Amino acid sequence: MAGNGDLRELIAVRYDREGDILTFSFTRKSQPAVAEEAADEIWVRYQTDTRRVVTVDILNFSARVHATFGSQLTYVERADPQRLEALEIFGMLQARD
C-alpha cells in the first residue's frame, strides 16, 4: 500500500448518499490506480509507480458518524471552499506541500 509520502493537495470531497461513501480526491482527473483496504471499510487508491494517493473512500460513512457521535449529530453535504480552507487540518495539509 502507499507509504507516508508527500501529502497532496485535497482537490474535492464528495458524499454519495445512495452508496453512503465519503470520498476525498487528490487529483483533478481520473488516474489509473490500485485500490487497497487500508482499514475496515476505508479504501485507498494509489498510483503504483509513484505510490501517490489518488482517492480515499470511507464506506458506510453515516453509520460511522452515528456510532461515533450518536444520533444527535447531523450533517449536510455542502461545497464551500472557504469553509474547507478554514478548517485547521486542511491548512496543515496545504502547508506541507
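Just so it is clear, none of the values below were taken in a lab; they were calculated from the coordinates. Not measured: the values here are computed from a predicted model. Quick reminder, even Gly has a Cβ in these numbers, built from the backbone with ideal geometry, and neighbours come from all protein chains shown.
Here Q31 and N60 are evaluated by their C-beta separation; at R0 = 30 Å the FRET efficiency comes out at 0.75. Compared with the alpha-carbon gap, the fully stretched path from E41 to L10 is longer by 9.1 nm at 0.36 nm per residue.
Projecting label points 7 angstrom from Cα along Cα→Cβ for E18 and S71 puts them 2.7 nm apart.
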